[in-house]
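Engineer: This is the structure I want to talk about, given as structure tokens.
The values are calculated or read from the model by the stated rules, or taken from the named source; none is laboratory data. Predicted model only: the values in this text are computed from it and were never measured. We place every Cβ from the backbone using ideal geometry, glycine too, and count neighbours over all the protein chains shown. Keep in mind that these areas ignore ligands, DNA and RNA; they rest on the heavy atoms of the full protein, side chains included. Shrake-Rupley method; radii C 1.70, N 1.55, O 1.52, S 1.80 Å.
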Amino acid sequence: MTARRARLIIPLPFLLALLGLLAGYAARVAWLGDQDLWWDEGLAVWAVRQPLAQTTLWTAGDVHPPLYFWLLWGWVRLGGDTPFAMRYLTVALGMLTVAVSYALAQRLGGQWAGALAVWIVGMSRLMVWWSQEMRMYMLAALMSLIALNFTLRFVDTARRGLKGRPIWRNLALYALAATGAMYTIYLSAANLLLLSLIVALAGLAHVMRRCWRRAAVTLGGWFIANLAVIAAVMPWLTLAFGTMRSWSVATSTSLIFPFQLYGVLLATGISTDLDSVTWTAALAGGVLVAGMAAAFAARRPAAGFRPAWLTVALLALTLVLPPLVLYALTQPGRTLFYVPRLEARYFVPFAPYMLAGLAWAIVSIGRARRWAGAATLVAVAGLLIWSLPQYYAGRHLSGSFPSLVRTIRAHARPGDGVALISGDRYPVFLYEYDRAELSGYRPPVALIPRGDARLTPDNLESELAPLMTEFSRLWVALSDAHMQDPDGLALPWLQARRQTLFDQRFNDKRLLLLTDASIDLTITPAEAHPQFRVAAGVEQDVLGYDLPVQRGVPGMSVYQAVYVQSPGEQIAQAVWRHESGREMMPHAVALNAAPGSVARFIAELPVFSSTPAGQYELVLRRADGRAVVLPGPRIDGTRSLPALNGRTEQPAQVGPFELVGFAIEPASSILTPGTTLTVRLDWRIQQPVAQRYTFFVHLLGNAFNPATNGPMWAGQDSEPLDGGLPTTQWWAKEIIADEIRLALPDTLPAGDYQIEIGAYPTGAPERLGVSGAGADADNRRVLLRVTLHAP
């Protein structure tokens with residue numbers, strides 16, 4: 001093979017690194033936009049919507065310097081303000097961090113270490129997590145990692161006695177990266193301290209060997225570079241220290257806690273329930289220690305950074321210094337500037353050092369014992385494969401604020417106002433409220449209460465009375481109201497002075513419209529701006545619909561608002577239709593709109609744990625039976641219905657529900673004190689129902705039970721499947737198997753018992769009528785009678 005052909009072959013480590021980059025990118029863009037903005041992200045958006053000078057002055061009084069906000073300011077204007085677009089900036093920063101980690105690990109331990117570092121940093125749950133957050137920590141990690149790379153380059157050139165351009169180029173690039181880190185987060189000073197300790201150790205080694213010139217170049221050059229960093233940062237510090245507020249949210253922690261959190265974050269990216277996963281930190285720490293020991297024990301220096309002890313010192317300092325610094329900075333007692341609580345995000349700037357060091361350790365172990373290196377690699381890969389998928393679980397958009405805001409913008413008119421309670425939730429609310437894509441009038445927003453105060457009887461009047469005189473109609477948006485209105489004072493005060501014309505919950509948010517007089521909420525056709533329009537001429541009275549979130553998961557509701565113009569053939573009913581063609585949740589629609597006006601009604605699709613998964617449509621039926629079909633949301637992540645196994649066929653009718661049969665386990669020795677009795681009821685309906693019902697299963701005996709103050713010894717009242725599939729979501733003619741588990745008490749006395757079942761409307765005590773075998777006048781069905789004999 002010629003030398004030219006040999007050079008054209010891509011080295012295997014480099015090829016693996018390229019594949020790692022692709023995998024890391026895929027991990028970072030996966031479900032990137034499928035998560036609501038949280039408070040800090042909303043605040044960042046609010047800040048960069050201001051003019052650049054105002055954004056800069058705001059950051060001077062905040063807890064972080066301006067570099068990330070400057071980048072985001074330009075990024076939003078180029079790429080838009082959707083969650084995906086704005087977070088993509090951090091994805092790009094995260095991918096650059098992965099790429100630079102290759103350079104660091106390659107310098108420490110060769111090409112194989114670099115390739116492993118790409119995979120470890122690229123697939124680390126911690127790094128993926130903060131590559132998907134619209135925050136500055138990934139930029140700080142990138143700047144710090146670049147600074148470390150050029151620090152090691154500088155130390156290496158000084159060790160080899162090089163002069164001139166290589167020395168000063170590396171120092172200049174270090175100073176540039178270090179300045180960028182300091183303009184990103186102030187915590188970067190701890191990183192610069194760590195790098196200074198490494199350079200000091202290198203300089204000390206030159207002194208001990210009496211290499212005076214190299215020592216002078218190392219220590220003197222480093223001193224000059226850091227003077228340049230200080231000079232570059234000082235103008236900003238002068239501005240910020242004069243405007244920065246002082247406050248504290250710190251809580252006391254033990255000295256062990258930051259080390260435990262740091263280790264678990266590096267190993268798994270998990271920041272909660274640390275005690276259950278501390279073993280992962282021990283595993284990762286063991287790999288690092290073993291790698292250090294292997295590097296020291298090597299008979300000949302391995303490929304990579306020299307001397308090996310300096311690499312060990314770097315990793316040891318990176319393992320110990322960040323937890324100590326963060327412990328000192330997050331303890332209560334300091335009164336100057338911001339004192340945060342200890343959180344995962346503050347470890348992100350240090351994490352790439354350790355993750356690249358983990359790659360170096362695996363390679364060092366492998367050079368000593370191949371089998372040990374392979375075993376270590378499998379263990380670390382197992383941690384990544386186990387932890388990363390858990391990060392994505394439950395990631396979804398709730399659509400609460402988008403649905404709430406679209407309702408305000410659809411109906412608002414001049415003279416309206418919006419009261420946001422709690423007022424400090426404004427960053428996330430205003431992100432949706434101020435989006436340019438939304439049409440319609442935008443009323444002014446009053447933050448209730450103002451500032452960081454809480455509503456009390458003493459300040460209630462002064463906070464709310466101005467709203468009564470300033471606005472003829474007041475929209476009240478409740479979001480985490482308990483945070484600043486813990487006693488719930490605001491809403492009763494307002495409702496006592498205004499009529500409630502509209503009241504709608506959007507998941508955990510709530511929106512009300514309070515007015516002086518009864519008026520309708522219709523709008524003119526010119527004011528109707530649906531998110532999705534129906535093609536002209538297809539359905540002339542149905543103008544379109546709003547569907548801000550098009551995917552639902554258990555625990556949330558999806559809201560679809562429909563715009564209907566009057567006069568027209570009135571919509572009488574709305575129903576959700578599954579992709580299988582089966583329907584559920586029929587409900588009447590009453591549109592009281594004057595001729596020529598447009599009414600907007602909201603259809604809610606709540607998603608429970610067993611709601612049938614798939615694509616849905618919203619079917620609007622007219623009085624004559626004709627229907628308008630609109631695209632609806634997709635439901636994911638729900639459980640399949642329980643399997644239908646053998647049953648006893650004893651049909652009965654409970655209201656609209658047909659009991660097809662039942663099964664009881666264990667079938668033999670049915671009543672055994674201290675055990676669990678499982679009763680499975682197989683139900684069926686002929687037509688979808690609009691009412692939610694609760695089913696009961698009771699074990700009744702002849703003896704009196706003091707615990708229940710009656711004859712019931714075990715029982716359960718619940719909606720079907722433990723609330724996982726309310727009756728409104730049953731499909732016609734499909735059998736639903738509902739399992740109820742009754743815990744039999746240890747004190748269950750001998751005697752005669754019976755198992756009764758029945759149903760009643762949820763929230764109402766009156767039972768449904770029962771007919772068929774086993775029915776009686778108490779509106780119940782007795783499944784079984786049995787005697788428990790004395791032992």
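Engineer: Name the residue from 716, 666, 611 whose Cα lies farthest towards the positive end of the charge dipole of the stretch 604-729, charges +1 on Cβ of Lys and Arg and -1 on Cβ of Asp and Glu.
Structural biologist: 611
Engineer: Collect residues whose amide H, placed 1.01 Å from N in the peptide plane, falls under 5 Å from the amide H of residue 552; neighbours closer than 5 in sequence don't count.
Structural biologist: Excluding prolines and chain starts, which carry no amide H, the hits are 634, 635, 636.
Engineer: I would also like to ask the following. Could you give the accessible area per residue of the chain, probe 1.4 Å, as a whole number in Å²?
Structural biologist: Dividing the accessible area of the chain by its residue count gives 43 Å².
Engineer: In the chain, carbon and sulfur make up what percent of the accessible area (probe 1.4 Å)?
Structural biologist: Carbon and sulfur: 60 percent of the exposed surface of the chain.
Engineer: Still on this model: Express in Å², to the nearest 10, the accessible area of residue 635 obtained by rolling a 1.4 Å probe over the protein heavy atoms while all chains stay in place.
Structural biologist: We get 0 Å² for residue 635.
Engineer: As a test, work out the antiparallel percent of DSSP beta bridges whose residues both lie in the chain, rounded to the nearest 5.
Structural biologist: 90
Engineer: In degrees between 0 and 90, to the nearest 10, how far off the longest principal axis of the chain does helix 370-392 point, with axes built from Cα atoms?
Structural biologist: 40
Engineer: Grab the beta carbon distance between residue 495 and residue 82, set R0 = 35 Å, and tell me the FRET efficiency rounded to 0.05. Numbers along the way, then the final one.
Structural biologist: Numbers: r = 36 Å, r/R0 = 1.03.
E(calc), rounded to 0.05, equals 0.45.
Engineer: Can you list the HN-Hα couplings for the stretch 409-426, worked out from phi with the Karplus curve (6.51, -1.76, 1.60; θ = phi - 60°), rounded to whole Hz and with x for Gly and Pro?
Structural biologist: Computed from phi, the couplings for the stretch 409-426 are 5, 6, 10, 5, 9, x, x, 7, x, 10, 9, 9, 10, 7, x, 6, 8, 4 Hz.
Engineer: A further question follows. Provide the gained length on full extension for the span residue 746 to residue 766, in nm with one decimal, where the gain is 0.36 nm per separating residue minus the Cα-Cα distance.
Structural biologist: 4.0 nm
Engineer: Hey, another quick one. Mind listing P(r) for the stretch 532-651? All alpha-carbon pairs, 10 Å bins, whole percents.
Structural biologist: Once binned at 10 Å, the Cα pair distances of the stretch 532-651 give 13, 40, 27, 13, 5, 2.
Engineer: Further question on the same structure: I'd like to know which of 693, 482, 292 lies farthest towards the positive end of the charge dipole of the chain, counting +1 on Cβ of Lys and Arg and -1 on Cβ of Asp and Glu.
Structural biologist: Positive-most Cα among the choices belongs to 292.
Engineer: Next question, about the same structure. Dipole size in debye (nearest 20) for the stretch 693-771 around its Cα centre, Lys and Arg Cβ +1, Asp and Glu Cβ -1?
Structural biologist: Magnitude of the dipole: close to 100 debye.
Engineer: Here is a follow-up. Kindly provide the trypsin sites (Lys or Arg not before Pro) of the stretch 706-791 that DSSP labels as loop, not H, G, I, E or B, and whose Cβ sees at most 15 other Cβ atoms within 10 Å. List each step's numbers first, then the result.
Structural biologist: Numbers: sites: 733, 741, 767, 780, 781, 785; in loops: 733, 767.
Those that pass, being in a loop and sparsely packed, are 733.
Engineer: In nm, to one decimal, how far is the residue 643 label point from the residue 96 one, both placed 7 Å along Cα→Cβ?
Structural biologist: Placing both labels 7 Å along Cα→Cβ, they lie 5.5 nm apart.
Engineer: Out of residues 5 or more away from residue 694 or on other chains, whose amide H comes under 5 Å of its own, with H placed 1.01 Å from N in the peptide plane?
Structural biologist: Residues meeting the amide H criterion: 760, 762.
Engineer: As a test of the formula, what do you get for the chain when each DSSP H run with n ≥ 4 contributes -39,500 (n - 2.57) and the sum is divided by the residue count, at 222 nm and rounded to the nearest 500 deg cm²/dmol?
Structural biologist: Mean residue ellipticity at 222 nm (helix-derived): -13500 deg cm²/dmol.
Engineer: With θ taken as phi - 60° and the coefficients 6.51, -1.76 and 1.60, list the Karplus ³J(HN,Hα) couplings across the stretch 123-135 in order, rounded to whole Hz; mark glycine and proline as x.
Structural biologist: Working through the residues one at a time gives 10, 5, 4, 4, 6, 5, 3, 7, 7, 10, 9, 7, 9 Hz.
Engineer: Which value, in debye to the nearest 20, gives the size of the charge dipole of the chain about its Cα centre, when Lys and Arg are +1 and Asp and Glu are -1 at the Cβ?
Structural biologist: In total the dipole reaches around 5460 debye.
Engineer: Let me ask you something else. Placing unit charges on C-beta atoms (Lys and Arg positive, Asp and Glu negative, everything else neutral), compute the dipole magnitude of the stretch 395-506 about its Cα centre in debye, rounded to 20. Before the final figure, lay out the partial values.
Structural biologist: Numbers: 13 positive and 14 negative charges, 102 e Å.
Once rounded to the nearest 20, the dipole reads 500 debye.
Engineer: How many percent of the alpha carbon pairs in the chain exceed a separation of 51 Å?
Structural biologist: Roughly 34 percent, rounded to a whole number.
Engineer: Turning to a different aspect of this structure: Explain nothing, just compute: Karplus ³J(HN,Hα) = 6.51 cos²θ - 1.76 cosθ + 1.60, θ = phi - 60°, for every residue of the stretch 220-231 in order, whole Hz, x for Gly and Pro.
Structural biologist: Each residue of the stretch 220-231 in turn: x, x, 5, 4, 5, 4, 6, 4, 5, 4, 4, 4 Hz.
Engineer: A further question follows. Please work out whether the stretch 305-405 counts as rounded, prolate or oblate from its C-alpha gyration tensor, where a ≥ b ≥ c are the square roots of the eigenvalues and a/c under 1.5 means rounded, while otherwise a/b larger than b/c means prolate and anything else oblate?
Structural biologist: The shape class here is oblate.
Engineer: Using amide H atoms built 1.01 Å from N in the peptide plane, name the residues 5+ places from residue 542, or on other chains, whose amide H lies under 5 Å from its own.
Structural biologist: HN-HN under 5 Å from residue 542: 565.
Engineer: Let me have the relative contact order for the chain, percent, based on Cα pairs under 8 Å that are six or more residues apart.
Structural biologist: RCO, the chain: 9 percent.
Engineer: How about the stretch 78-130: which trypsin sites (Lys or Arg not before Pro) there lie in a loop by DSSP and see at most 16 other Cβ atoms within 10 Å?
Structural biologist: none
Engineer: Then there is this: State, as an integer percentage, the relative contact order of the stretch 315-383 based on alpha-carbon contacts under 8 Å between residues 6 or more apart.
Structural biologist: With pairs under 8 Å counted, the relative contact order is 25 percent.
Engineer: Once the other residues with Cβ under 15 Å from the Cβ of residue 145 are scored (Lys, Arg +1; Asp, Glu -1), what is the net sum? Please report the intermediate quantities before stating the final value.
Structural biologist: Values: positive: 107, 153; negative: none.
In short, +2.
Engineer: So, by mean Cβ neighbours within 10 angstrom, what's the order for 27-35, 238-246 with the highest one leading?
Structural biologist: 27-35, 238-246
Engineer: Could you calculate the contour length gain from residue 686 to residue 251, that is, 0.36 nm times the residue separation minus the distance between their Cα atoms, to one decimal place in nm?
Structural biologist: Numbers: separation 435, 0.36 × 435 = 156.60 nm, distance 5.82 nm.
Between residue 686 and residue 251, full extension yields an extra 150.8 nm.
Engineer: Explain nothing, just the number: relative contact order of the stretch 340-444, from Cα pairs under 8 Å at least 6 residues apart, as a whole percent.
Structural biologist: Averaging sequence separation for qualifying contacts and normalising by length gives 22 percent for the stretch 340-444.
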